[in-house]
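A.B. asks: Mind having a look at this structure? Questions to follow.
No value in this document is a laboratory result; all are computed from the given coordinates. Predicted model only: the values in this text are computed from it and were never measured. Here Cβ is always computed from backbone atoms with ideal geometry, including for glycine, and neighbour counts include all displayed protein chains.
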Amino acid sequence: MLEATTRKVLVAVAGDEDATGAIAYAAQEARRRGCGVHLVSVVHPVATSAEGASFNILEGMLHSASASALHQARRQLVRELGDDVAVTTEVVHGAVVPTLVSSSDRALVVVLQRQPGRGARIPTLSVTSGVAGRAHVPVVSVPTGWSGASTAGAVLPVLVGLSDPIAGERVVRTALEEARARRAPLRVLHTWHFTDHYDDLVFEGQAGVRHEAQLLADVIERLRPLLEEYPDVETQVRTQHAHVADALQAASGQTQLLVVGRHRSRIPLGRHLGSTTRAVLREARCPVMVVDPVPAPAGTAREAQLQHVGGPAT
């Protein structure tokens, strides 16, 4: 498994799926963080039967496909990073989501490739949701076709979706760290929406303008102490009357990274993502980083990740 003494960018690679975007993103992360990359492919154990030979052949084929995919991914990373950055590979047998969640405890960040839908079904969304909802460190889902973070030489901003200025402080802090590491501006978007009929009746005209102005002032005031810790990050706070998932998806086309929080975990099982996070994981046009809003105990992998954003791993 991933070495406990050296934290790296962990990238999940499947034998039958394209991981080009995830590998490109991992290369950028390795440069920024001054760390290595660990590529892992998980082979789910094949059930045995009285005719075990056929199952052994199938499992051998899956292992071979995973090893080949890892070899290709490693070649791509070495081309982009050179030989100075450590790139390791590993084929692991086990259930995909629990295996990746377990490995995340020894990583800085987990990078997954979002696969295109086949018909109305998105085949890997369950894996992405399962890992993002339970991982010990932030999880980044990279859309198919993603290749970089700039448009015509311009540095695109980092965007963070904020539902609660108090509960979302750790999510905003992570976004600030990511923006600082990228030398990019940060955009904080807080949306508000009650019901279509209620909003139309109560917040029509100047009432809506006054409500949004007051809401913006309240959000800025609550975030002020945190934003003052990052005077080098150009930050813009904005409120918008919209459904949050729609607003974030629309803004993702001009964003290099979208940072969102997952739900606070109150039960040991479940994915703890929420409808908004699931929606942007499915629809956003940029990489999406899912962050646990609950501070981890000192010394755990999640706190180590925050300490090393933008700097070398130890």
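A.B. asks: In nm, to one decimal, how far is the ARG31 label point from the ALA242 one, both placed 7 Å along Cα→Cβ?
C.D. replies: 3.0 nm
A.B. asks: Scan around THR239 for amide H atoms under 5 Å from its own, H built in the peptide plane at 1.01 Å from N, and keep only partners 5 or more places away or cross-chain.
C.D. replies: Here HIS190 satisfy the definition.
A.B. asks: Turning to a different aspect of this structure: Put a dot 7 Å past each Cα toward the Cβ at HIS44 and ALA67; how far apart are the dots in nm?
C.D. replies: Calculated label separation equals 2.3 nm.
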